[in-house]
Amino acid sequence: MIVEEIMNHEPYTLAPTNTVREALKKMREKKVRHLPIVDEENHVLGVITERDIKEALPSSLQDEPNSPVFEATVEEIMVKNPLIGHPLDFVEEVALTFYESKVGCLPIVSGGKLVGIVTTTDLLYTYIELTGATEPGSKIEIRVNDTPGVLFEITKIFSDHHANVQSVLVYPDSEKTQNRILSVRVQTLNPLAMIEDLRKAGFDVLWPNLPGVPL
């Protein structure tokens with residue numbers, strides 16, 4: 001999946017001459033926490049966030065609406081030359097940038113101009129969608145040997161039960177480094193028979209550990 005598929009294509013923006021008061025007003029009206037700062041040609045000059053504003057304001061003035069601090073321009077407190085992304089970047093690469101750089105948003109630029117924005121909320125929602133958690137189903141976690149063909153053997157069992165696989169995640173086994181954990185979401189509300197067949201085939205089903213199913 002690429003960034004273009006999950007980004008907001010019409011981000012709210014400000015000019016560098018807008019005031020902190022105007023930035024706060026727009027954030028509250030539009031219910032956003034990040035605003036790219038752009039020039040007249042839509043080139044990204046910076047980013048301002050709720051956190052930037054809070055850190056710029058002394059705590060004693062945050063509840064004083066008439067304080068001259070609110071009349072400062074966003075250019076004075078914005079993050080200049082922010083990290084940016086491209087519409088064709090892979091979502092997992094952008095997620096790694098968020099994690100490593102501790103940023104809350106990423107302006108998306110193409111041809112030197114702002115074309116969108118991605119936030120941590122967008123990434124979280126995408127993750128939820130990719131796991132199939134928004135649809136009815138059951139999650140089954142299986143410890144497997146890290147060998148070729150093991151995924152085929154498992155999905156063959158699901159296929160024999162005419163169960164649609166909604167998502168498959170693979171992550172390291174913290175207890176046995178030579179193994180992997182497969183987290184499979186299957187479109188069924190009663191996975192009992194599949195769990196039983198998985199165990200009969202020698203697979204270590206970690207979850208769900210249902211009563212009445214032999215270990």
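The values are calculated or read from the model by the stated rules, or taken from the named source; none is laboratory data. Please read these numbers as outputs of a predicted model, since none were measured by experiment. Positions of Cβ are backbone-derived with ideal geometry, glycine not excepted, and every protein chain shown enters the neighbour counts. SASA here: full protein model, heavy atoms, side chains in, ligands and nucleic acids out. Shrake-Rupley method; radii C 1.70, N 1.55, O 1.52, S 1.80 Å.
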What does the accessible area of V44 come to, in Å² to the nearest 10, when a probe of 1.4 Å is used? 40 Å²
Want the number for Y12 to F152: 0.36 nm per residue separation, take away the alpha-carbon distance, what's left? 45.8 nm
Calculate the dipole size of segment 122-215 relative to its Cα centre from +1 charges on Lys and Arg beta carbons and -1 charges on Asp and Glu beta carbons; express the result in debye to the nearest 20. 180 debye
Can you run phi through the Karplus equation (6.51, -1.76, 1.60; θ = phi - 60°) for segment 155-164 and list ³J(HN,Hα) in whole Hz, with x for Gly and Pro? 5, 5, 5, 5, 5, 4, 9, 6, 9, 7
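In what sequence, largest accessible area first, do E196, E10, E92 appear using a 1.4 Å probe?
Numbers: E196 75, E10 150, E92 115 Å².
Descending accessible area places them as E10, E92, E196.
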Label-to-label distance, nm, for residues given as A201 and D173 (7 Å Cα→Cβ offset): 1.6 nm
Probe radius 1.4 Å, ligands and nucleic acids left out: which of I128, I117 has the largest accessible area, and how do the rest follow? I128, I117
Just subtract the alpha-carbon distance of N42 and K30 from 0.36 nm times their residue separation and send over the number in nm, one decimal. 2.4 nm
May I ask you to evaluate 6.51 cos²θ - 1.76 cosθ + 1.60, the Karplus curve with θ = phi - 60°, for each residue of segment 7-12 and list the ³J(HN,Hα) values in order in whole Hz, giving x for glycine and proline? 6, 7, 7, 10, x, 6
Could you run the Karplus curve 6.51 cos²θ - 1.76 cosθ + 1.60 with θ = phi - 60° over segment 84-95 and give me ³J(HN,Hα) per residue in whole Hz, x for Gly and Pro? 10, x, 10, x, 9, 5, 6, 4, 5, 5, 5, 4
Sequence-distant or interchain residues sharing an amide H contact under 5 Å with I117, placed H: which? N8, I108
The answer for L206, listing residues at least 5 apart or on another chain whose modeled amide H is closer than 5 Å to its amide H, is E141, I142, R143
Mind giving me the nanometre distance, one decimal, between the label points for R51 and A133, set 7 Å out from Cα along Cα→Cβ? 2.1 nm
Using the heavy atoms of the protein chains alone and a 1.4 angstrom probe, what is the accessible area of the chain per residue in square angstrom? 61 Å²
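Suppose every Lys and Arg Cβ carries +1 and every Asp and Glu Cβ carries -1, with no other charges. What dipole size does the chain come out with about its Cα centre, to the nearest 20 debye?
Working: 20 positive and 32 negative charges, 111 e Å.
I would put it at about 540 debye.
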Rounded to the nearest 10 Å², what accessible area does F70 have for a 1.4 Å probe in the complete protein model? 10 Å²
In square angstrom, rounded to the nearest 10, how much accessible surface does V165 have for a 1.4 Å probe? 50 Å²
Lys/Arg Cβ at +1, Asp/Glu Cβ at -1, dipole of the chain taken about the Cα centre: which of V74, Q166, L198 is farthest positive-ward? L198
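Of the accessible area of the chain, with the probe set at 1.4 angstrom, what percent is carbon plus sulfur?
Carbon plus sulfur share of accessible area: 52 percent.
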